[in-house]
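Step one of this worksheet: look at the structure below.
Values quoted throughout were computed directly from the atomic coordinates according to the rules given, and no laboratory measurement underlies them. None of the values given here were measured: they were computed from a predicted structure. Quick reminder, even Gly has a Cβ in these numbers, built from the backbone with ideal geometry, and neighbours come from all protein chains shown.
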Amino acid sequence: MGPQQQPEPVQAEPQEEVETIPIPPDSLSPSQRVRQALQQLEQGDYENARLQLTWALQEKPTLQIATNLLEQMDADPIDYLGMKSFFYDVEQGDSLSIIAKKFLNDPLKFVILARYNKLENPSKLAPGQRIRVPGVMPERKKPKPKIAQPEPAPVAQETPEPTPDEKTTVTPDLMTDEVQIEESSPAMPEEQVPLESEEPLQTSVEQAVEEQPAAMTAEEALSTAMGLHAEGNLSAAIYLLENEISQHPNAQELPKLLAGYYNEHADQLINRGDLDNARTILEKLIILDSSDDAAINKLIHVEDKIEAQKLMRAAQDQQTAGNLEEAYQTYTQVLTYDPENSAALASQLSVRDQLTDSYHRRAMQLFRKQELDDAIAFWNKILALNPNHTLAPGYKARALEMKQQLQKIGPGE
């Protein structure tokens, strides 16, 4: 006999390491954890930010802002934002969140934008620094050319001044070559000639701000914004402050006033049911002041409402299609996000009653055929949906009693 061959050792399959999440050392609320995570992300402290967001989701799994931030931390930046990009030179007053809002329409995407540019500490972004921004560079607005005012034609000294009864008319002889008058048009009185300074003010606040951004001091910006707010033009006041803050980065009163206006505007949008725009405003507010717990809580509330609306539409579609079990579960999810949603509660109860009636009819059919286990299973489903169902407890008890009697009789008797 030859030498006995030893069996080769079988390599054990590698076991997946289960990541253990440490117990939080404090009792912060979910919104406070999100605030702390935002501050840590701005400093590039991803490890501790991840812990805070994970703890926040453990306590409140529906916290969309935490989920979004974690997704940005885990996603591949190129896959998330795309390969195509352009260079942007950071300006005075810029932050990565401001740039993210400007080009990605979401200030909270500063996380993925920082990773896109391999920035270790986003808070150290400096004026003149060049970064990559995903997408195509938007066209810059070209300034509108100003129309030159025609100089008044020289008047001969011997020409007598017109009497009050006379009306001076503007004729082609008195105009410069830059102004053309159609021959068929009647002559216009001089006092009605529209001068550039007498044109109506532009309704667009953007044009008004762009015309003189550098001429306004911080005090003037503050006063003008408060005046617009007093006139009821909150959107114009916000737009002006957003532009002036970058011009006066050291003026602390401007961001403080803007934060108050953001909060007021968000409340107005929430009351109107415009939740998407309310979320955008609240995100701006949180970026402006990440220590504002009330704003974070309000954003969480708005995100829950938005998710509830999406689920509500899905539940209604499921109910219309006759998928009552799915519809019931989805209505339950709606109420998880929005417990005070009376329409969802009414629909859930209606679907529940339809389900329990259907289950009871099926259970009775099985009971008559002495298929007792299946019948009992349906009555259990009824009681899980509605513990106060009037018929299910009694019929279930009868089925259990009949089952015991049949077991006593046995198959051979």
Amide H of Ser85: which non-local residues (sequence gap of 5 or more, or other chain) have their own amide H closer than 5 Å, using H built in the peptide plane? Gly135
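Mind pulling up the Rg/Rh value for segment 214-291? Radius of gyration and Kirkwood radius, both on Cα. Don't jump to the answer; show the numbers that get you there.
Details: Rg = 12.4 Å, Rh = 12.7 Å.
For segment 214-291, the value is 0.98.
Could you calculate the contour length gain from Glu120 to Ile21, that is, 0.36 nm times the residue separation minus the distance between their Cα atoms, to one decimal place in nm?
Working: separation 99, 0.36 × 99 = 35.64 nm, distance 2.43 nm.
Residue separation times 0.36 nm, minus the Cα-Cα distance, leaves 33.2 nm.
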Percent of Cα-Cα pairs per 10 Å bin, from 0 to the last occupied bin, for segment 262-318, please list those. 25, 49, 19, 7, 0
Could you derive backbone 3J(HN,Hα) for segment 51-64 from the dihedral phi with the Karplus parameters 6.51, -1.76 and 1.60 (θ = phi - 60°), listing whole Hz in sequence and x where the residue is Gly or Pro? 4, 4, 5, 5, 5, 4, 6, 4, 7, 9, x, 8, 6, 5
Of Lys102/Lys305; Lys101/Lys284; Lys60/Lys102, which pairs sit farther than 19 Å apart, going by alpha carbon to alpha carbon? Lys102/Lys305; Lys60/Lys102
Under the Karplus curve 6.51 cos²θ - 1.76 cosθ + 1.60, θ = phi - 60°, whole-Hz ³J(HN,Hα) for segment 339-346, x wherever Gly or Pro sits: x, 9, 7, 5, 5, 5, 5, 5
Taking 0.36 nm per residue of sequence separation and subtracting the Cα-Cα distance, how much length would be gained by fully extending the chain between Tyr80 and Ala314, in nm to one decimal? 81.6 nm
Output wanted: per-residue J couplings in Hz (rounded whole) for segment 218-223, from phi through Karplus 6.51 cos²θ - 1.76 cosθ + 1.60, θ = phi - 60°, x for Gly and Pro. 4, 5, 5, 4, 4, 5
Compute, for segment 310-409, the length of the dipole vector about the Cα centre, with Cβ point charges of +1 (Lys, Arg) and -1 (Asp, Glu) only. Units Debye, rounded to 20. 440
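In percent, how large is the relative contact order of segment 214-291, given Cα pairs closer than 8 Å and 6 or more residues apart? Intermediate results must be reported in sequence, preceding the final value.
On the way: 62 pairs, mean separation 18.5, N = 78.
In percent, rounded to a whole number, it is 24.
Could you give the length gained by full extension between Thr332 and Ser350, i.e. 0.36 nm per residue of separation minus their alpha carbon distance, to one decimal place? Write down the numbers at each step before the final one.
On the way: separation 18, 0.36 × 18 = 6.48 nm, distance 1.24 nm.
Extending this stretch completely gives an extra 5.2 nm.
Semi-axes of segment 310-409's equivalent ellipsoid from the Cα gyration tensor, sqrt of 5 times each eigenvalue, largest first, rounded to whole Å? Mind dumping the intermediate values first?
Values: eigenvalues 216, 32, 17 Å².
Values for segment 310-409, descending: 33, 13, 9 Å.
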Run the simple label-point estimate for Asp267 and Lys369 please: 7 Å along Cα→C-beta, distance reported in nm. 6.3
